[in-house]
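Asks: The following block contains the structure, expressed as structure tokens.
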Amino acid sequence: MNLHEYQGKEILASFGVRIQRGIVAHNAKEAVDAAKQLTQETGTGWHVIKAQVHAGGRGKGGGVKLAKNLKEVEELAGSIIGMNLVTPQTSAEGKKVHQVLIAEDVYYPGDSETSEFYMSVLLNRATGRNMIMYSTEGGMDIEEVAEKTPHLIFTEEIDPAVGLMPFQARKIAFNLGLSGTAFKEMTKFVSALYKAYVESDSSMFEINPVLKTSDDKIMAVDAKVTIDDNALYRRKTYAEMRDLREENPIEVEAKAVGLNYVDLDGNVGCMVNGAGLAMATMDLIKMAGGEPANFLDVGGTADAKRVEEAFRIILKDPNVKAILINIFGGIVRCDRVAQGVVDAYKNMGDAIQVPIIVRLQGTNAEIAKEIIDNSGLAVHSAVQFKEAADKVEELLAN
Ligand code: GDP
Ligand code: MN
């Protein structure tokens, strides 16, 4: 589960990580109040107005602006809230901004002594260990740094048995070229950050930039935090931070009815039982020259109700031009699934306007094929896996 910057910073701060202070606002008036409060608390005169959407590159898209007085806070917040923010990481339509973070300006004016670093914490799947990835090249696109100057990206792997060792935090501060107070501050920052990562059950932290201020403080200016979905049951306060407006609406709906659905870019809708078979089905569609529109695992109980729910979810994607149903009847009997497909199709009436190809294999597969073929509906049955995919392509070509 992804979080907004302000929520990520809240979590970081709760573990003692120093952050750029800020208050979230939903309209221009709240923004001005927030700015006043920040001035009282931190003494800052200037404020940064930051769009809160689940996408990076907000600065480049005009979603991060510096305000030098309250009038500018009001104007900038007013124009950013409600806008469709397009960044290098959003689609062309962009993302609607519902709220902004009013943050203290930490790049004190006329100041040349600040430095921006990059730091992330994530799992290295190859070694099965957490690692801290960091670079002197902060504030920039890390993918670009990786491509052009890969030697400026460092990694530090953490042994799960002992956790982050003090010498590792010092090594990071050293590699970032720090000394004196900033060096000490960085070791504290890194230790607190790693503790926050582990104890919040996160699967990714990306802090870009980590800032060294002119008075040698080290703080998180940005925070991209992803909490492991599988841990949400024991992290209720984080689970409540979920912002469904930021997520794919079809995926949200699928989750609500208990379907494992991932939206993709292609035009062949897939309804499959079992994640492995679903993956194999997507591969097969690609091999036959098509593109899957989704990943969908309907699970073990493919009865009429479930098939109908799955149909409805798949058809919400306007790109779907055909649906391939691929069910292996191991525990579930194919004839029951076939009946489910026929019943769902009849129930849905005109809602289904695309060809449907059904491939049922396993227990009672032959009876299932008869049920489909005798239903009088525009459902095509196939027995072989490859035959099914070829049929999809054939129908799409017509
Ligand atoms: P992103 O573009 O979505 O990654 O958003 P960031 O939170 O990283 O902000 C983008 C950029 O805004 C940063 O790289 C900074 O250069 C700038 N920025 C952020 N906070 C401040 C601030 O307090 N003062 C000034 N002058 N610039 C800031
Ligand atoms: Mn950033």
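The values are calculated or read from the model by the stated rules, or taken from the named source; none is laboratory data. Everything quoted here is computed from the prediction, not taken from an experiment. Every residue, glycine as well, gets a Cβ built from its backbone with ideal geometry; the counts of neighbours run over all protein chains shown.
Asks: Would it be correct to say that residue 353 is of a type in the set (S, T, N, Q) and surrounded by fewer than 17 Cβ atoms within 10 Å (Cβ to Cβ)? Even if it seems obvious, please write down each step before you answer.
Replies: On the way: of a type in the set (S, T, N, Q): yes; surrounded by fewer than 17 Cβ atoms within 10 Å (Cβ to Cβ): yes.
Here the answer is yes, as residue 353 does meet what is asked.
Asks: Right, another one. Quick test of your reading of the structure: residue 247 fulfils all but one of (1) at pLDDT 95 or above; (2) charged (D, E, K, R); (3) away from ligand 1 (no atom under 16 Å from the Cβ); (4) under 29 Å from residue 96 (Cα atoms). Name the failing condition by number.
Replies: Unmet for residue 247, out of (1) at pLDDT 95 or above; (2) charged (D, E, K, R); (3) away from ligand 1 (no atom under 16 Å from the Cβ); (4) under 29 Å from residue 96 (Cα atoms): (1).
Asks: Looking only at region 35-57, which residues are buried (at least 23 other Cβ atoms within 10 Å of the Cβ) and within 16 Å of residue 20 (Cβ to Cβ)?
Replies: First pass over region 35-57, keeping only residues buried (at least 23 other Cβ atoms within 10 Å of the Cβ): 35, 47-53.
Hits for region 35-57 are 35, 47, 48, 49, 50, 51, 52.
Asks: Now a separate question. Can you name the number of the only condition in (1) within 13 Å of ligand 2 (Cβ to nearest atom); (2) over 18 Å from residue 197 (Cβ atoms); (3) among the charged types (D, E, K, R) that residue 5 fails?
Replies: All conditions pass for residue 5, except number (2).
Asks: Looking only at region 115-130, count every residue that is over 19 Å from the mean Cα position of the chain (by Cα) and either surrounded by 15 or more Cβ atoms within 10 Å (Cβ to Cβ) or of a type in the set (A, V, I, L, M, F, W, C) (or both) and tell me the total.
Replies: Residues of region 115-130 over 19 Å from the mean Cα position of the chain (by Cα): 115-118, 126-130.
Subset that is either surrounded by 15 or more Cβ atoms within 10 Å (Cβ to Cβ) or of a type in the set (A, V, I, L, M, F, W, C) (or both): 115-118, 126, 130.
Number satisfying all stated conditions: 6.
Asks: Being modelled with pLDDT of 95 or more and hydrophobic (A, V, I, L, M, F, W, C): is that true of residue 92 here?
Replies: On the way: modelled with pLDDT of 95 or more: no; hydrophobic (A, V, I, L, M, F, W, C): yes.
Spelling it out, it is not the case that residue 92 is modelled with pLDDT of 95 or more and hydrophobic (A, V, I, L, M, F, W, C).
Asks: Another question, then. Just need a number here: residues in region 50-83 that are assigned to a strand (DSSP E or B) and away from ligand 2 (no atom under 14 Å from the Cβ). Lay out the reasoning, then the answer.
Replies: Residues of region 50-83 that are assigned to a strand (DSSP E or B), as a first pass: 50-51, 64-67.
This time we only want the ones that are away from ligand 2 (no atom under 14 Å from the Cβ), so: 65-67.
Of the residues in region 50-83, 3 are assigned to a strand (DSSP E or B) and away from ligand 2 (no atom under 14 Å from the Cβ).
Asks: Additional query: Select, from 22, 16, 43, 8, the only residue that is free of Cβ contacts under 8 Å to residues at least 24 places away in the same chain and out of contact with any His (no Cβ under 7 Å at 6 or more places or on another chain).
Replies: That would be 43, the only listed residue that is free of Cβ contacts under 8 Å to residues at least 24 places away in the same chain and out of contact with any His (no Cβ under 7 Å at 6 or more places or on another chain).
Asks: Just to be sure I understand, how many residues within region 131-146 are among the β-branched types (Val, Ile, Thr) and either in contact (Cβ under 8 Å) with a residue 60 or more places away in the chain or within 13 Å of ligand 1 (Cβ to nearest atom) (or both)? Give the derivation first.
Replies: We begin by selecting, within region 131-146, every residue among the β-branched types (Val, Ile, Thr); these are 132, 136, 142, 145.
If we keep only those that are either in contact (Cβ under 8 Å) with a residue 60 or more places away in the chain or within 13 Å of ligand 1 (Cβ to nearest atom) (or both) too, we end up with 132, 142.
The total comes to 2.
Asks: Has region 353-368 got any residue that is over 26 Å from residue 290 (Cβ atoms), in the same structural domain as residue 302 (by TED's automatic domain parsing) and of a type in the set (A, V, I, L, M, F, W, C)? Outline the logic, then answer.
Replies: Step one: list which residues in region 353-368 are over 26 Å from residue 290 (Cβ atoms), which gives 363-364, 366-367.
Filter once more, keeping what is in the same structural domain as residue 302 (by TED's automatic domain parsing): 363-364, 366-367.
Those still in the list that are of a type in the set (A, V, I, L, M, F, W, C) too: 367.
Yes - at least one qualifying residue is present in region 353-368.
Asks: Would you confirm whether or not region 176-191 contains a residue that is loosely packed, with under 15 Cβ neighbours inside 10 Å, outside the structural domain of residue 49 (by TED's automatic domain parsing), over 30 Å from residue 45 (Cα atoms) and not hydrophobic (A, V, I, L, M, F, W, C)? Give the derivation first.
Replies: Kept after step one, since they are loosely packed, with under 15 Cβ neighbours inside 10 Å, are these residues of region 176-191: 177, 179-181.
Remaining after also requiring outside the structural domain of residue 49 (by TED's automatic domain parsing): 177, 179-181.
Subsequent filtering for residues that are over 30 Å from residue 45 (Cα atoms) retains 177.
Restricting the remaining residues to those that are not hydrophobic (A, V, I, L, M, F, W, C) gives 177.
Looking for residues that are loosely packed, with under 15 Cβ neighbours inside 10 Å, outside the structural domain of residue 49 (by TED's automatic domain parsing), over 30 Å from residue 45 (Cα atoms) and not hydrophobic (A, V, I, L, M, F, W, C), one finds at least one in region 176-191, hence yes.
This table checks each residue for (1) charged (D, E, K, R); (2) in contact (Cβ under 8 Å) with a residue 60 or more places away in the chain.
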residue	(1), (2)
260	no, no
263	yes, no
279	no, no
293	no, no
307	no, no
322	no, yes
327	no, no
344	no, no
355	no, no
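Asks: Scanning region 8-33 for residues that are in a helix (DSSP H, G or I), more than 16 Å from ligand 2 (Cβ to nearest atom) and of a type in the set (D, E, K, R), which turns out nearest to the chain's Cα centre (by Cα)? Give the steps one after another, and end with the answer.
Replies: Taking region 8-33 and keeping what is in a helix (DSSP H, G or I), we get 8-14, 28-33.
Now drop any that are not more than 16 Å from ligand 2 (Cβ to nearest atom), which leaves 10-11, 13-14, 28-33.
Of the ones still in play, those that are also of a type in the set (D, E, K, R) are 10, 29-30, 33.
Numbers: 10: 19, 29: 31, 30: 28, 33: 31 Å.
Step by step, filter region 8-33, then rank; the result is 10.
Asks: Does region 374-390 hold any residues that are closer than 24 Å to residue 346 by Cβ and under 34 Å from the mean Cα position of the chain (by Cα), and which are they? First the steps, then the outcome.
Replies: Here is the first cut: in region 374-390, the ones closer than 24 Å to residue 346 by Cβ are 374-383, 388.
388, the sole residue that qualifies.
Asks: Out of (1) within 16 Å of ligand 2 (Cβ to nearest atom); (2) more than 24 Å from the chain's Cα centre (by Cα); (3) assigned to a loop (DSSP other than H, G, I, E, B), the odd one out for residue 140 is which?
Replies: (2)
Asks: Going by the conditions given, is residue 45 over 22 Å from the mean Cα position of the chain (by Cα) and in a loop (DSSP other than H, G, I, E, B)? Let's see the steps before the verdict.
Replies: Details: over 22 Å from the mean Cα position of the chain (by Cα): yes; in a loop (DSSP other than H, G, I, E, B): yes.
Yes, satisfied.
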